[in-house]
Amino acid sequence: MARVLTQRELNRATLARQLLLERKKLSPLQAIERVAGLQAQWPPSPYIGLWSRLVGFRREALERAIVRGDVLKPTVMRGTLHLITARDYPLYYAALRDMPTWFQAHHLEHARTLLAEIRAHAPITQTEAVDYVRSLGHEDRDARRIVHAVRRHGHLLHGPDSALWSTQSKAVYHLYDEPAELDGAEARIELVRRYLRAFGPATKADIAEWSGLAVRDFVHALDGLATYRNEEGRELFDVPRAPRPAADTPAPVRFLPKWDNTLLGHADRRRVISDELRRGVIGKNGDVAATVLVDGIVAATWSYDRDRRVTVEYVAPATRTQKADVTAEADRLQAWLA
């Protein structure tokens, strides 16, 4: 009989693996690999995410890694922008190459005929690429999907400037060398294990939701893994020696940036946010608010203004002591933002 893991045990496991139970002394590259990439649709997100996870994190450390080319900004899981390390790019590309996101087979067929030509014009903006494909007779919607396929299969990545702290996010794509070729099935085995080390224990649906892959594309990666059950009886998978702290492990207040994967890494997100709050925090258009974790669960949203003043808005009850802890962490974040 598989052991049953409570929602609170799953919460503490995810927090530990996402480096949110205790700040760690890691480099930005080590942290990015440990948490299986950082969402980067909003340029400040990875920086704030690392501040909440690392001891003494400084923005300049990540910026230097980006400028050196050690950290890249490709379109990977779910067809969304992430920061990953350059040494991991071949793995993510091979594992997600055939991900059915944003374009269909006929768009990819057209894209393959244009790869060399569009790569030759890099750096190229999104508008320039779409206009060129439209000039070949494709409707706007199809042109955009063809360009997305060109970007993924032609290794056109967002330039380093778009990933810096104080930048205007611009869709300018730069040419990246063809990565070392890896077997797709083997790459998906490693990707699933990376995911579980960062977000597990998790269900098949969780893995599919995070990655953008169909279950059939990675089910072979689950062979031989330890299994558990959640409180509703669903099967959970996990890797050996991954942390699973006790349910009563203290969880400090943590400020998460917009689109943090802690809120997006599972199909069933109740381990970190209730279904009721989820509808208010995660918009229908995919926008995800910056949030505050109190005792490991979303209890507030937050923002900062041009003067870097942090404002917190509670969306769930919190005790006086918890609110004092939130204020103290907000003051530390505000000092770091200044």
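The values are calculated or read from the model by the stated rules, or taken from the named source; none is laboratory data. What you see is a predicted model, and the numbers here were worked out from it, not measured in a lab. With ideal geometry, Cβ positions are generated from the backbone for all residues, glycine too; neighbour counts draw on all protein chains shown. The protein model used for the area step is the full one, side chains on, heavy atoms only, and it has no ligands, DNA or RNA in it. Shrake-Rupley method; radii C 1.70, N 1.55, O 1.52, S 1.80 Å.
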Extension gain (nm, one decimal) between Arg306 and Arg97, 0.36 nm per residue minus Cα-Cα: 71.3 nm
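So how strong a dipole does the stretch 58-144 carry about its Cα centre when Lys and Arg Cβ are +1 and Asp and Glu Cβ are -1, to the nearest 20 debye? Display every interim value, and only then the final one.
Details: 13 positive and 12 negative charges, 87 e Å.
With only Lys, Arg, Asp and Glu charged at Cβ, the dipole is about 420 debye.
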For Tyr132, Tyr195, the accessible-area ranking with a 1.4 Å probe, largest leading, is Tyr132, Tyr195
Probe radius 1.4 Å, ligands and nucleic acids ignored: give me the carbon and sulfur share of the accessible area of the stretch 207-338 as a rounded percent. 48
Among Ala171, Ala198, Ala299, which one shows the biggest mean-square fluctuation in a GNM of the chain, springs joining Cα atoms closer than 10 Å? Ala171
Please report the relative contact order for the stretch 98-174, taking Cα pairs under 8 Å with a sequence separation of at least 6, and give it as a percent rounded to a whole number. 38
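Report the rotationally averaged projected area of the chain based on its alpha-carbon convex hull, in square nanometres.
Details: hull surface 70.0 nm².
Projected over every direction and averaged, the Cα hull of the chain covers 17.5 nm².
Note down the magnitude of the dipole of the stretch 196-338 about its Cα centre, charges +1 on Lys and Arg C-beta and -1 on Asp and Glu C-beta and zero elsewhere, to the nearest 20 debye. Before the final figure, lay out the partial values.
Details: 21 positive and 21 negative charges, 39 e Å.
Rounded to the nearest 20 debye, it is 180 debye.
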Zone of Ser135's modelled label, taken as backbone nitrogen in the stretch 84-122 under 15 Å from a point 7 Å along Cα→Cβ: 114, 117-122
Relative contact order of the stretch 202-306: what whole-number percent is it, with Cα pairs under 8 angstrom and at least 6 residues apart? 26
Whole-Hz ³J(HN,Hα) from phi, Karplus 6.51 cos²θ - 1.76 cosθ + 1.60, for the stretch 127-132, glycine and proline x: 4, 4, 5, 5, 4, 5
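Which FRET efficiency value, to the nearest 0.05, is calculated for Glu232 and Leu115 with the Förster distance at 51 angstrom and r the Cβ-Cβ distance? Could the numbers behind the result be given before it?
Working: r = 46 Å, r/R0 = 0.89.
The pair Glu232/Leu115 has a calculated efficiency of 0.65.
Can you sort Arg271, Arg241 by 1.4 Å-probe accessible area, starting with the largest?
Arg241, Arg271
Quick one: dipole size for the chain, taken about the Cα centre, charges +1 on Lys/Arg Cβ and -1 on Asp/Glu Cβ, in debye to the nearest 20.
Numbers: 50 positive and 43 negative charges, 164 e Å.
Its charge dipole is roughly 780 debye.
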Could you work out the Kirkwood radius for the stretch 186-238, taking every pair of different alpha carbons, averaging 1/r and inverting it, reported in Å? 10.9
Using label points projected 7 Å from each Cα along Cα→Cβ, tell me how many nm separate Glu186 and Ala205, to one decimal. 3.4
Sorted by accessible area (1.4 Å probe), largest first, how do Tyr89, Tyr314 line up? Tyr314, Tyr89
Can you work out the FRET efficiency for the pair Val219 and Tyr314, with r the C-beta to C-beta distance and R0 = 41 Å, to the nearest 0.05? 0.50
Put +1 on the Cβ of each Lys and Arg and -1 on the Cβ of each Asp and Glu in the stretch 123-227; which of Trp210, Ile124, His155 then has its Cα farthest toward the positive end of the dipole? Trp210
Whole-number accessible area per residue in Å² for the chain, which is evaluated in the context of all protein chains at 1.4 Å: 46
How far is it, in nm, from the label point at Ala86 to the one at Glu60 when both lie 7 Å from their Cα along the line to the Cβ? 2.1
Length-normalised contact order for the chain - Cα pairs under 8 Å, 6+ apart - percent: 21
Checking Ala185, Ala111, Ala163 against a Gaussian network model of the chain (alpha-carbon springs below 10 Å), the top fluctuating residue turns out to be Ala185
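For an R0 of 25 angstrom, estimate the FRET efficiency from the Cβ-Cβ distance between Met1 and Arg34 and round to the nearest 0.05. The partial results should precede the final answer.
Working: r = 32 Å, r/R0 = 1.28.
Calculated value: 0.20.
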Percent accessible area from carbon and sulfur atoms, the stretch 1-138, protein chains only, probe 1.4 Å: 52
Just grab the label-to-label distance for Thr127 and Ala247, each label 7 Å out from Cα along the Cβ direction, in nm (one decimal). 5.6
The set of residues whose placed amide H lies less than 5 Å from the amide H of Val294, leaving out same-chain residues fewer than 5 positions away, is Ala299
Could you list which residues have their amide H under 5 Å from that of Ala202, counting only those 5 or more apart in sequence or on another chain, with H placed in the peptide plane? Phe237
Give the accessible area for Trp165 in Å² (nearest 10); use a 1.4 Å probe, count only protein heavy atoms, and leave out ligands, DNA and RNA. 30
